[in-house]
Amino acid sequence: QVQLVESGGGLVQAGDSLRLSCTASGGATGSWAMGWFRQAPGKEREFVAAISWTGGSTYYSDSVRGRFTISRDNAKNTVYLPMKRLKPPDTAVYYCTLVPPRAPTTSIGTWGQGTQVTVWS
């Protein structure tokens, strides 16, 4: 099965930046659209951003648009999420996932282990 490993989370002050990374291993990973979701304590897991397999199309939730930028490097089987102007509501565990190309705000159900982002004010 495809393995996904996230990294880059941390504890930061409001207004700071972080860059998350997700590296995939396994068959045919370079042809998959990929996305990021997050889950805060007591809340449902929610969509954050997604990117087509070519990198030509990106999708964002309204809460992060203009602050987060998703990109990918298919040669490295890696997707990135640079996050700027972080806010306390961004605090969550961030998960990487494979997404259906024509429904990129959903997940096919394969997840990484997650990386914690904590933003304090």
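The values are calculated or read from the model by the stated rules, or taken from the named source; none is laboratory data. As the structure is a prediction and not an experimental result, all values here were calculated from the model. Because the Cβ atoms are built from the backbone with ideal geometry, glycine has one as well, and the counts that use them run over all protein chains shown. These area figures cover heavy atoms from the full protein model, side chains too; ligands, DNA and RNA do not enter into them. Shrake-Rupley method; radii C 1.70, N 1.55, O 1.52, S 1.80 Å.
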Distance from the Cα centre of the range 1-72 to that of the range 73-95, in angstrom?
-> 5 Å
Extension reserve of the A103-S57 stretch, reckoned as 0.36 nm per residue once the Cα distance is removed | 15.3 nm
Protection proxy (average C-beta count within 10 Å per residue), highest first, orders 33-42, 63-72, 99-108 as 33-42, 63-72, 99-108
The extension gain from K87 to Q3, computed as 0.36 nm times the residue separation minus the Cα-Cα distance, is 27.3 nm
How big is the equivalent ellipsoid of the range 1-61 along its three axes, where each semi-axis is √(5λ) from the Cα gyration tensor, reported in whole Å from largest to smallest?
-> 23, 14, 13
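Accessible area per residue for the range 9-111 in Å², computed with a 1.4 Å probe and the full protein assembly in place, what is it?
For the range 9-111, the per-residue accessible area is 49 Å².
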Per-selection metrics, the chain (Cα): Rg and Dmax in Å = 13.3, 42
Aspartates and glutamates near K87 by alpha-carbon distance under 12 Å, same-chain residues fewer than 8 away left out - which ones?
-> D16
